[in-house]
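Report on the structure given below.
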Ligand SMILES: O=C(O)C(=O)C[C@]1(C(=O)O)C=C[C@@H](O)C=C1
């Protein structure tokens, strides 16, 4: 058995609880990004003219990640950088994070796909067209939302680990056969996915409403963003990519 045997506190129920809490962070992130219009200069390589960085958002993300790496962010196995190349080492004392994951987990980082999805698919649904000049703030809100989405998707590593520990006899033959389809089927719980999508849409509706003290006005019906964007995000990208991470993790689990 090559796996670390610590991490007994992790159960399928506890990792699902963590996923539920992360929904809040993602929805707040959507609300914060929706506060700004599209601000296309943030993403325009010809606008920023920053050497070696491309667009302003890349400049902000690369430099923020470098600073956060020094402050120890990526010592936590839940965190995965968007630009892992040339990150400076941590300058702070290390914390003994529970080593529940198989070492192969470190080689899984699908942030390139998440980045593409975010800018090509999600942002056009979320941001209304316009320009208010707040490019730095826009880039900062993109980064914190990207980090929340990335953390959730890569949390699939933890989900896969507890599923494997709960039923190694079911997973091992599929892993040895490199049977991606079989693994995908075994780790899928359709009814749980349905619950996740419904809860996310409900949270997006509740968190996104205008709160008024004047009870006569009641709910003005004004929304901070379209709740269906949150459910689409989960249905089309977050859940499928979390499952992809689980398959990738399981394929490395017996190495
Ligand atoms: O809760 C699980 O079992 C997960 O694997 C997480 C998740 C999700 O991404 O929300 C993914 C696959 C399952 O079909 C159900 C839900």
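Taken together, the values in this text are just the output of simple stated rules run on the coordinates, not laboratory data. None of the values given here were measured: they were computed from a predicted structure. All Cβ positions, glycine included, derive from the backbone under ideal geometry; neighbour counts span all protein chains shown.
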remark   = Expressed in angstrom and ordered largest first, the alpha-carbon extents of the range 79-149 along the principal axes are 45, 25, 22
task = Set the Förster distance to 35 Å, then compute FRET efficiency between residue 134 and residue 71 from the Cβ-Cβ distance, nearest 0.05.
result = 0.90
key: Between 0 and 90°, nearest 10: helix 239-252 axis offset from the chain longest Cα axis   = 30 degrees
key: Principal-axis tilt of helix 12-34 within the chain, Cα atoms, nearest 10 degrees   = 20 degrees
key: Cα gyration tensor, the range 109-190 - rounded (a/c under 1.5), prolate or oblate   = prolate
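Taking 0.36 nm per residue of separation and subtracting the Cα-Cα distance, what length does fully extending residue 226 through residue 28 add? If you can, show how the numbers build up before the last one.
On the way: separation 198, 0.36 × 198 = 71.28 nm, distance 1.27 nm.
Stretched fully, the residue 226-residue 28 segment lengthens by 70.0 nm.
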query = If we sort 229-239, 37-47 on the protection proxy, mean other Cβ atoms within 10 Å, highest first, what's the order?
reply = 229-239, 37-47
ask   = If you count, for each residue, the other Cβ atoms within 10 Å and average over each peptide, how do 8-14, 50-56 line up from highest to lowest?
value = 50-56, 8-14
key: Between helix 156-166 and the chain: long-axis angle, C-alpha atoms, 0 to 90°, nearest 10   = 30 degrees
query = What FRET efficiency comes out for the pair residue 121/residue 189, r = Cβ-Cβ distance, R0 = 35 Å, nearest 0.05?
reply = 0.90
ask   = Each label point is 7 Å from the Cα along the Cα-to-Cβ direction; what then is the distance between the points at residue 170 and residue 51, in nm?
value = 5.7 nm
